[in-house]
Amino acid sequence: MTMLARGGRRRWQAVAALLTGVVLLGACASGAKKPQPAPLEPVVPLVEARQVWRQQVGPVDALLVPVVRDGQLAVANAAGEVSVFDGEGGSLRWRAAAGAPMAAGVGFDGRRAALVTRDGELVALTPAGVAWRQRLSARVYTAPLVAGERVFVLAGDRSVSAFDARTGARLWQYTSRGTEPLVLQQTGLLTAVGNTLVAGIGGRLVGLDPDDGRVRWDAVIGRTRGATEIERLVDLVGRAGRDGDVLCARAFQAAIGCVDAASGRLLWTQPADGATGVQADADRVYGAEANGRVIALARRDGARLWVNERLLHRGLTAPLAIGRSLAIGDAQGYVHLLARADGAMLNRLPTDGSAIVDGPLAVGNTLIAVTRNGGVYAWRPQ
């Protein structure tokens with residue numbers, strides 16, 4: 001469920017929760033019933049996928065996004081425990097506990113993990129346990145980014161902060177100005193392209209110098225519209241799709257667009273109604289719309305190439321390109337494999353029946369999905 005919040009102010013968090021109810025009830029006006037998930041049609045497996053390992057980590061909240069680095073998978077559960085697995089074989093590399101329930105995570109660079117607790121602390125973990133803690137001034141809904149011996153945090157007040165990964169010392173803070181006051185209580189966009197830190201600030205992709213937080217470029221993906229704060233809400237959400245220096249992103253229920261992250265030049269935007277991240281390759285940008293349509297757009301100009309309507313209203317995740325397939329999870333615990341070329345159904349992989357968190361991941365040719373019930377499943381498509 002998508003929520004709204006106003007970063008760093010408790011009374012506005014309460015107002016935002018009320019406003020969220022207005023948004024959700026508006027969709028159900030006049031007694032309209034919520035659309036039922038499309039029934040699953042039989043699928044003849046055209047791409048075989050053998051399950052190669054499985055683990056259990058305990059319940060995982062929606063904002064605890066798993067991450068892959070250096071052939072390892074890092075997963076955080078709601079209780080604050082981080083487990084790091086070998087992505088190919090599934091063996092446990094290490095496990096450490098933050099000692100508090102988690103609000104957002106996990107950031108991971110292959111050696112250390114970073115999470116944010118519900119009490120507003122940034123916590124760094126290593127195999128030896130808690131390395132340091134740092135109090136934050138605003139709530140956080142996006143997993144920290146651990147890279148270049150720094151930990152970067154995108155907060156709910158749309159600020160970006162950098163901390164020394166070894167000591168936790170604050171290095172700098174970028175504060176956005178002139179953005180809308182409401183933010184999504186949903187995973188935002190924070191990534192790196194080369195030596196540029198890229199953050200989603202409202203409907204903009206902002207390229208920052210990771211050494212001092214100076215703005216290198218600023219590109220608009222989605223523009224605010226409407227008269228009310230809710231109507232003007234336009235945050236960038238979820239995963240970004242990357243092909244070389246080209247970064248593609250989704251603005252919540254507004255648009256999908258691509259930017260040259262080396263120069264900050266906006267390449268194109270297209271209207272799109274969705275709330276999850278996108279995937280990109282050299283030819284296409286893939287995403288799931290709010291109603292469950294899976295779409296592919298041309299990477300060069302955003303023209304629509306194909307649409308798959310067989311997964312309507314199934315609560316789809318961000319997609320993942322792996323081999324010739326596009327893997328996408330749903331709220332009923334299935335991972336669906338579609339053909340990247342035309343969207344045809346290739347296979348369907350079951351888990352434990354709970355929603356797939358964020359979307360599938362890949363380590364080499366191993367496809368991995370984490371469920372809300374804490375199941376970690378790995379398959380190897382043939």
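The values are calculated or read from the model by the stated rules, or taken from the named source; none is laboratory data. The shown structure was predicted, so the numbers you read here are calculated from the model rather than taken from an experiment. Using ideal geometry, Cβ is built from the backbone for each residue, glycine included, and neighbour counts are taken over all protein chains shown.
Assorted remarks:
- Qualifying residue in segment 195-203 (condition: over 18 Å from residue 114 (Cβ atoms), of a type in the set (Val, Ile, Thr) and assigned to a strand (DSSP E or B)): yes
- For segment 253-271, the candidate set comprises residues that are buried (at least 24 other Cβ atoms within 10 Å of the Cβ) and hydrophobic (A, V, I, L, M, F, W, C); within that set, the residue that is farthest from residue 340 (Cα to Cα) is 261.
- Selection status of residue 362, within 25 Å of residue 92 (Cβ to Cβ), of a type in the set (A, V, I, L, M) and surrounded by fewer than 20 Cβ atoms within 10 Å (Cβ to Cβ): yes
- Of all residues in segment 140-189 being charged (D, E, K, R) and either touching a helix residue (DSSP H, G or I) at 6+ places or on another chain (Cβ under 7 Å) or modelled with pLDDT under 95 (or both), the one that is surrounded by the most Cβ atoms within 10 Å (Cβ to Cβ): 158
- Criterion (in a strand (DSSP E or B) and over 24 Å from residue 374 (Cα atoms)) met by exactly one of 337, 305, 312: 305
- Listed by first and then second residue, the pairs linking a residue in segment 302-323 that is in contact (Cβ under 8 Å) with a residue 24 or more places away in the chain and more than 14 Å from residue 340 (Cβ to Cβ) to a residue that is basic (Lys, Arg) and part of a strand (DSSP E or B), with Cβ atoms under 7 Å apart and 6 or more places separating them unless they lie on different chains, are 318/239.
- Out of 143, 100, 147, 114, sole residue that is in contact with a Ser or Thr (Cβ under 6 Å, 6 or more places away or on another chain) and at negative phi: 100
- All conditions in (1) more than 23 Å from residue 302 (Cα to Cα); (2) part of a strand (DSSP E or B) hold for residue 211, with the sole exception of (2).
- Selection count where residues are under 21 Å from the mean Cα position of the chain (by Cα), among the aliphatic types (A, V, I, L, M) and not in a loop (DSSP other than H, G, I, E, B), scope segment 126-162: 8
- For segment 61-95, residues that are in contact (Cβ under 8 Å) with a residue 60 or more places away in the chain, part of a loop (DSSP other than H, G, I, E, B) and in contact with a Pro (Cβ under 8 Å, 6 or more places away or on another chain) total 1.
- In segment 46-104, of all residues being of a type in the set (Val, Ile, Thr) and closer than 22 Å to residue 188 by Cα, the one that is surrounded by the fewest Cβ atoms within 10 Å (Cβ to Cβ) corresponds to 68.
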